[in-house]
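The values are calculated or read from the model by the stated rules, or taken from the named source; none is laboratory data. Everything numeric in this text was worked out from a predicted model, so none of it was measured. A quick note on method: Cβ atoms are made from the backbone with ideal geometry, for glycine too, and the neighbour counts reach across all protein chains shown.
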Number of protein chains: 4
Amino acid sequence: MAVKRIGVFTGGGDCPGLNAVIRGVVHRSVREHGIEVIGSYDSFNGYFETPQRVKRLDIDDCKGLVAKGGTMLGTTNRGDPFDYPVEKDGKIVAKDRSAELAEMIRAEGIDGLVAIGGDGTLGIAKRLMDEHGIPFVGVPKTIDNDVGATDYTFGFWTAVQTATDAIDRLHTTAESHDRIMVVELMGRDAGHIALAAGIAGGADCILIPEIPFDIEKVASKILRRQKKRRQFSLVAVAEGARPVDGQVSVLTQRPEDEVGGQVRLGGLAQRVSDLLAQKCKMESRYVVLGHLQRGGTPIAFDRALATAYGVKAADCAAAGNWGQMVCLRTPDIVTVPIDEGIDSLRQVNLTGTWIEAARGVGICLGDQ
Amino acid sequence: MAVKRIGVFTGGGDCPGLNAVIRGVVHRSVREHGIEVIGSYDSFNGYFETPQRVKRLDIDDCKGLVAKGGTMLGTTNRGDPFDYPVEKDGKIVAKDRSAELAEMIRAEGIDGLVAIGGDGTLGIAKRLMDEHGIPFVGVPKTIDNDVGATDYTFGFWTAVQTATDAIDRLHTTAESHDRIMVVELMGRDAGHIALAAGIAGGADCILIPEIPFDIEKVASKILRRQKKRRQFSLVAVAEGARPVDGQVSVLTQRPEDEVGGQVRLGGLAQRVSDLLAQKCKMESRYVVLGHLQRGGTPIAFDRALATAYGVKAADCAAAGNWGQMVCLRTPDIVTVPIDEGIDSLRQVNLTGTWIEAARGVGICLGDQ
Amino acid sequence: MAVKRIGVFTGGGDCPGLNAVIRGVVHRSVREHGIEVIGSYDSFNGYFETPQRVKRLDIDDCKGLVAKGGTMLGTTNRGDPFDYPVEKDGKIVAKDRSAELAEMIRAEGIDGLVAIGGDGTLGIAKRLMDEHGIPFVGVPKTIDNDVGATDYTFGFWTAVQTATDAIDRLHTTAESHDRIMVVELMGRDAGHIALAAGIAGGADCILIPEIPFDIEKVASKILRRQKKRRQFSLVAVAEGARPVDGQVSVLTQRPEDEVGGQVRLGGLAQRVSDLLAQKCKMESRYVVLGHLQRGGTPIAFDRALATAYGVKAADCAAAGNWGQMVCLRTPDIVTVPIDEGIDSLRQVNLTGTWIEAARGVGICLGDQ
Amino acid sequence: MAVKRIGVFTGGGDCPGLNAVIRGVVHRSVREHGIEVIGSYDSFNGYFETPQRVKRLDIDDCKGLVAKGGTMLGTTNRGDPFDYPVEKDGKIVAKDRSAELAEMIRAEGIDGLVAIGGDGTLGIAKRLMDEHGIPFVGVPKTIDNDVGATDYTFGFWTAVQTATDAIDRLHTTAESHDRIMVVELMGRDAGHIALAAGIAGGADCILIPEIPFDIEKVASKILRRQKKRRQFSLVAVAEGARPVDGQVSVLTQRPEDEVGGQVRLGGLAQRVSDLLAQKCKMESRYVVLGHLQRGGTPIAFDRALATAYGVKAADCAAAGNWGQMVCLRTPDIVTVPIDEGIDSLRQVNLTGTWIEAARGVGICLGDQ
């Protein structure tokens, strides 16, 4: 049965290139396949609003979109239809509204979805398919680039570029002031952004979740530099980086920094900065880039990649090739079964090219 | 008596354009006036080190310098020669080493100085002149642009550009997520950076030290936008912005946020963000740009301005026109007596063009 | 009689910041003065089309406009209503349609205009006022910054920034290849862009319309650099730069390069590059930046300035203060009578600060 | 026999990332392998100069190099040692100086070379190995990304980014003026830059060497857009793009534009622009980016990639694994025999992902 109409939505955190994916889906569907595209706002939430925020997307709606950050459809981390927050007796409780949602989607005449999102979003889409028969094609979205099935997720290299630009800026000040500068970058479970930006920015130390760091080793690297009259150092820290066993306490000297025997997420840069200042007897400053890494116009690489993802997802949907995720296997975009795609957290390969590159130019990774 | 040799140094916080000023001083002195230039490192501190870090600067030392952030001479906020930290009996005590410094400067055969720095640095230079007869020419340096005697200090528009780029990035994410985004910018006593970047970035609210803000007015602006279906808002906050009387307590709900009845400096963005989230019932996030505003390559405006400052300062020194500060009176660089230059904090003019421009496009300044 | 409705349009070449001016006019008029704003497309041409392309502009039409290059109203160099091209007997002839236009403007209920444009556009607006009683306020627009009445026109520093970025790029290649690189920048009658970008980019030679250049002097500068082992040189040329008398022939060795005894406009970079390669026995390459200088998002300075111009123009119109042009007299936006504004070509001041700054850092201006 | 000392040099056209490769080679060789690195300037030419320009490179020589465009060693397209230009009887004649060069290299105690260059440079290095026993490791360098053995050459994505930024700028002006804008990009034999930048920049037409273009098809695309009231179009043209048979004459209306029955290289943008203006009865402008694509600081992707190439090449040399070329096989850097590496021109895959992506969003490639 020919596909006549598909739905599209974006879920999870913002990521440069979302708009370019949407544009790719719309252009290809309308131009090549004669398929209508219906966008729902703020992930699935647009369906539940009154009136519904659900809209047909035409080529004209996509003007200038390839270069625009953010997502024209809006996005959110909230609103799992299987666990939807509703008010009851003045309290917010959760309710399974997934069957209702599936009905709404069918009522729009939608044959299947293109879901653009991370693990959470794609997992929800999969349940909708498995439990309610709404088929879909997935486009992986994570700024952290930690999806094993694809060489690169869109937005990753834009985030790395933003981080590298920031490191470049901090470098001149660090050098002028003989300071340590600590910059905290995204990466909760995987350190790809910090590793790539650290190499590109010429950082002296890079701390990532995959390698528990020994603060003494970091301080020692900085002191070795000092002896060679390099009076400044730049440290890139992934937000998910953690100390080696036994050093949790040195990073949790304030009570609020410890949660259940672990270093609390957030504020890592500050604590690393304070410790290094103390150990190296140098001035130290820190910056947390935070949301700056999620926004703004995508770099050319991500615009091209996101466009190709969108076009491929549209082809996939048009062919009724559901339950697939589109992936980059350089230089091609291919599809893999969604299960294979989702269950594939990729952390930094500790014996791979990029760790070697970092060590090769003398960067301390906190373990040596 | 003809000037044969001058000293140059940079003091205080980093600022884009310092290198271009140094380059201007060196080129002009050597090429036009046949004057030698001696740079001292880390403000005056280079004189006190053993061996001294003091060096003749030639044209070849200035290669590529116009485009480079930071300062090749290093800089520091520490080391006032009138109050110099020395170790005595294992403790750090202060000592007046100014006479000693003046001697060292004379020993180098230096006829006068070009001092590139802020209030603090220029004040020290003035005391050296007044008390020890070392004459100087001042080049004003403050990223905050709060020197009344000059239209613009170099580095200011670079900081504004960096801040504006950041606001642009945050905008796409704010819009995609229906969020409030609060960005904290530099400006302890004057809000020029926040005002200019807020206008340029299309902020919805701008909070500056010159206008105590009423958090209710800010929340109210955001809620009015919401009613018109603009589901996001962007708030630019100068680090020195303060609430109206009576609202200190709402910004100091954590004990550590209050110091002597005032809101503690630092962390303002976070507190404003939390309050607005609560009052507007929206998600809110914040970013503190911090040192990103001080580093990196200067924009063209600042490179040209800093070059012109340097050239003029060299001319001024060559003419023995000491005790002057170079200033921009668009389109010319002129000189004013140093006293007039230093004593001229310029805050934002509350009835001037830029406040009108901000209000004109509907920006809330926290007072209405 | 209170102003109820104003018209706005943009005429002449593209310039970064046009959208920000429009936004300023609309916001201020609607918010503060309760005045409606009617935009006409492609300068006045929108009035003559069927159906007319003339539209009320509301605040919602201005979303995101502060950061956008170009003009939402379109612009054109063609369509002077006093000399309007119409078809007659299969040929294009000129016709005075100004009275007709004035009638159309009045029919829209428009009390006066805000004209954003250069000499040509503002001159037409003035004739419309003088001959047909349609009053207006002018906002000066020229990327070349050659309006004497205002410190800076918006868009100028964006063009300088684009040119400086280009020079930075060319520098690394020039240095790696021991080459001369010639870059042609905008500036037909005034060399402000080339002068500012040349200083900011660290050019070795800058050729501007105000100073006839002696190609031997330029070659000699490059050869002097070579002797000091600076094996490359960067030459910034304004498109309107011209050789000293007697050298026209060396730049017009191809017949097509000469027009009426003068060097033809266009292609200057190529000819200068060829000549220098020959005279210095070095490789030489050239780049013509052209339209890259007119487009793209404005830098922060121009966004703020354009916003302030727009707001001031709206205030001016609301006050019935017609026949005025808004101008920057740093730090304020003021108004001057339109005649004073238009008749004020400002070329580079040959004894001013910026020429001194250029010479100060050893830049050859073609005359020494 | 352990490798003690290696030579390194860069040859051919400038490319962003050369410095980062050199830095990677030096750091890794010195830090990990205890191998000395000797750089020769301007490819091999440094050996032939008196005194020789050949220099030991230490870690300190590599400060700040990761972010710097160009090459600290200089580069050139001239000076093939097998065909070296020498003066004889007042004329320049070619002479085989390869044996002499090999002797000079051995005299430096160099065990092997790291050659960073394109086809030409690597071919010369191979002859030196084959005919004179000087072994080497190759690092492929081409801004055009047309080496089949590697996923990406460094510098390519920087060039694409520069081109995309330019297209973004031209877009706003094209739209404001209802114009055609033609931008000429690099790519003599392969259209990768134009294809990627065209997709990323949202071009309407992309003309590449791999697909002979029919100017009527291009004009027809532009006219179709006009009917949908998209009054402007942006055309990206690779410098090596050529018309279909039978249309050579329309592009060579000026005699100088034809060479041996083919369209002359150079000036393609101008001719395409003129033709489209005439056929579509629209204004049209063109820009030739030229050397802007070769210079400037590399983007983060290329800095990281170039670093990894350099480190891998050093490892390869240290292991005596000569006659190899380092290649990216995402996500790893691997080595392939040099013959396999050189003989592998990769043009755009006409049935691949990127052509599909371009067609998917409605871009005209000149053939349909």
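Quick notes on this one:
- Within the range A:72-92, restricting attention to residues that are surrounded by 11 or more Cβ atoms within 10 Å (Cβ to Cβ) and assigned to a strand (DSSP E or B), the residue that is nearest to the other protein chains (Cβ to nearest Cβ) is A:Pro85.
- Enumeration of residues in the range D:206-247 that are within 28 Å of C:Arg53 (Cα to Cα) and part of a strand (DSSP E or B): D:Ser233, D:Leu234, D:Val235
- Some residue of the range A:334-344 being surrounded by fewer than 24 Cβ atoms within 10 Å (Cβ to Cβ), under 19 Å from the mean Cα position of the chain (by Cα) and either under 30 Å from D:Gly34 (Cβ atoms) or of a type in the set (S, T, N, Q) (or both): yes
- Qualifying residue in the range C:135-153 (condition: in the same structural domain as C:Gly323 (by TED's automatic domain parsing), out of contact with any strand residue (DSSP E or B) (no Cβ under 6 Å at 6 or more places or on another chain), more than 18 Å from B:Pro331 (Cβ to Cβ) and not basic (Lys, Arg)): no
- Selection from the range B:305-334 of residues that are of a type in the set (Val, Ile, Thr), touching a residue at least 60 places away in the same chain (Cβ under 8 Å) and either more than 8 Å from chain C (Cβ to nearest Cβ) or in contact with a helix residue (DSSP H, G or I) (Cβ under 8 Å, 6 or more places away or on another chain) (or both): B:Thr307, B:Val311, B:Val326
Table: residues versus (1) in contact with a strand residue (DSSP E or B) (Cβ under 6 Å, 6 or more places away or on another chain); (2) without any contact (Cβ under 8 Å) to a residue 24 or more places away in the chain; (3) in the same structural domain as B:Arg285 (by TED's automatic domain parsing).
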| residue | (1), (2), (3) |
| --- | --- |
| B:Arg169 | no, yes, yes |
| B:Thr172 | no, yes, yes |
| B:Ser176 | no, yes, yes |
| B:Ile180 | yes, no, yes |
| B:Gly187 | yes, no, yes |
| B:Ala196 | no, no, yes |
| B:Cys205 | yes, no, yes |
| B:Val218 | yes, no, yes |
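- Count of the range C:1-21 residues which are away from chain B (no Cβ under 14 Å), closer than 26 Å to C:Tyr152 by Cα and in a loop (DSSP other than H, G, I, E, B): 5
- Just one of (1) closer than 24 Å to D:Phe232 by Cβ; (2) of a type outside the set (A, V, I, L, M); (3) outside any loop (DSSP other than H, G, I, E, B) fails for C:Trp157. It is (1).
- Positions within the range A:177-211 being surrounded by 24 or more Cβ atoms within 10 Å (Cβ to Cβ) and modelled with pLDDT under 95, in sequence order: A:His177
- Pick from the range A:47-71, criterion more than 12 Å from every other protein chain (Cβ to nearest Cβ) and in contact (Cβ under 8 Å) with a residue 24 or more places away in the chain, ranking: nearest to A:Gly295 (Cα to Cα): A:Asp61
- Scanning the range D:157-196 for residues being within 11 Å of chain C (Cβ to nearest Cβ) and of a type in the set (Val, Ile, Thr) gives a total of 7.
- Looking only at residues in the range B:347-361 that are crowded, with 18+ Cβ neighbours inside 10 Å and outside any helix (DSSP H, G or I), the one that is nearest to the other protein chains (Cβ to nearest Cβ) is B:Val361.
- Flag: A:Asp61 matches the condition of being in a helix (DSSP H, G or I) and among the acidic types (Asp, Glu).
- Checked against the criterion of being closer than 30 Å to B:Ala197 by Cβ, assigned by TED's automatic domain parsing to the domain that holds B:Ile134 and surrounded by 20 or more Cβ atoms within 10 Å (Cβ to Cβ), the candidates B:Ala313, B:Ala317 yield just one match: B:Ala313.
- For C:Tyr152: the one exception among (1) within 14 Å of another protein chain (Cβ to nearest Cβ); (2) buried (at least 24 other Cβ atoms within 10 Å of the Cβ): (2)
- Set A:Gly112, A:Gly39, A:Gly24: member being crowded, with 17+ Cβ neighbours inside 10 Å and within 14 Å of chain B (Cβ to nearest Cβ): A:Gly39
- Every test in (1) touching a Leu at 6+ places or on another chain (Cβ under 8 Å); (2) among the small types (Gly, Ala, Ser); (3) closer than 26 Å to D:Arg303 by Cβ is passed by D:Gly12 save one, and that test is (1).
- Test: residue in the range D:125-134 that is assigned to a helix (DSSP H, G or I) and basic (Lys, Arg): yes
- C:Ser344 meets all of the listed conditions (1) out of contact with any Cys (no Cβ under 8 Å at 6 or more places or on another chain); (2) modelled with pLDDT of 95 or more; (3) not assigned by TED's automatic domain parsing to the domain that holds C:Val218 but one, namely (2).
- Within the range C:160-198, tally of residues that are assigned to a helix (DSSP H, G or I), touching a helix residue (DSSP H, G or I) at 6+ places or on another chain (Cβ under 6 Å) and under 17 Å from C:Gln347 (Cα atoms): 5
- For the range C:141-152, the criterion of being part of a helix (DSSP H, G or I) and in contact with a Leu (Cβ under 9 Å, 6 or more places away or on another chain) is met by none of the residues.
- Residues that are more than 7 Å from every other protein chain (Cβ to nearest Cβ) and either part of a helix (DSSP H, G or I) or of a type in the set (A, V, I, L, M) (or both), drawn from the range C:276-287: C:Leu276, C:Ala277, C:Gln278, C:Lys279, C:Cys280, C:Met282
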